[in-house]
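Read through the structure below, which is laid out as structure tokens, and then see the notes.
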Amino acid sequence: MPIPGRYTKKLQPDPTHPIVRKCQRLTEEGFTVKSIHFDRTRNGLMLSAPRFYLSFEKGDSTQEFDHEWRLDLETWLHEHQGVADSPQNECERLGYYLTCLFQNAPYDLGEGYLSAVLVETVRERFGHRPDMQETLRCIAKLLPSMQSAHYQQGVDFVDSCFAQVAAILSEKLRYHDPQLEDIFFGSIRAFLDERFSITNQRLLGFLPRE
């Protein structure tokens, strides 16, 4: 006797993580995102795994919970205008988002060469800004070979990552200048700080403390 058809249908996996489904369910029930806090606690030279602390509200009702950072959760929050609870926290949050974007860099660029292209691109695009000059002074000068076949590929990748953050801030989270500009550059500085261990070098005494 054949197995009934209802048991032989191909399973369709749900690609949505339970935490995203929970957030979506709350919005369908009339809740809106009240506040977001992105947390990475520093313990000496180490940073904890990133975590979101979320608050939803509907009238007098509030739902609060926390969850480890996930890219799909981050993306969902962008789509629902979930802004961080302070400009500084937004910089940290989107700085980490940049770190994740750079993990998807084309393999043939290589980490060292990509870092050199990144620094040169930041210097060329934003080196006129005092805040970026301060950050760049803390990074060893890296000179990528501009004759390399991968140079323009690297520049395009860096620009595309920065463009994604700018679009999130302006189109998704609805920030406006001058705050939009401040958070955009603050995010890049937070990203560079982690990528090049600037804070850790200060803590170890290799760089002067701010």
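All of the numbers you see were taken from the coordinates with simple rules; none came from a lab. The model shown is predicted, which means the values in this text are computed figures rather than measured ones. Because the Cβ atoms are built from the backbone with ideal geometry, glycine has one as well, and the counts that use them run over all protein chains shown.
Quick notes
- Taking Lys and Arg as +1 and Asp and Glu as -1, the other residues whose beta-carbon sits under 15 Å from that of Glu92 total -1.
- Summed side-chain charge close to Leu169 - residues other than Leu169 whose Cβ falls under 15 Å, Lys, Arg +1, Asp, Glu -1: -4
- Counting beta carbons within 10 Å around each of Thr16, Thr121 and listing the fewest first gives the order Thr16, Thr121.
- Charge dipole (debye, nearest 20) of the stretch 86-210; +1 at Cβ of Lys and Arg, -1 at Cβ of Asp and Glu: 260 debye
- Order of Ile188, Ile36, Ile198 under a 10 Å beta carbon neighbour criterion, fewest first: Ile36, Ile198, Ile188
- Taking the number of Cβ atoms within 10 Å of each Cβ as an exposure proxy, the fewest-first ranking of Leu47, Leu204, Leu173, Leu94 is Leu204, Leu47, Leu173, Leu94.
- Label zone of Phe185 (point 7 Å out along Cα→Cβ, amide N under 11 Å): in the stretch 130-149 this covers 130-135.
- Under 15 Å, Cβ to Cβ, from Asp60 - net charge with Lys/Arg +1 and Asp/Glu -1: -1
- Length gained on full extension, Ala49 to Arg70: 6.5 nm, using 0.36 nm per residue less the C-alpha separation.
- The candidate values were (1) 20.0, 80; (2) 20.8, 79; (3) 19.8, 66; the one computed from these coordinates for Rg and Dmax of the Cα atoms in Å carries the label (2).
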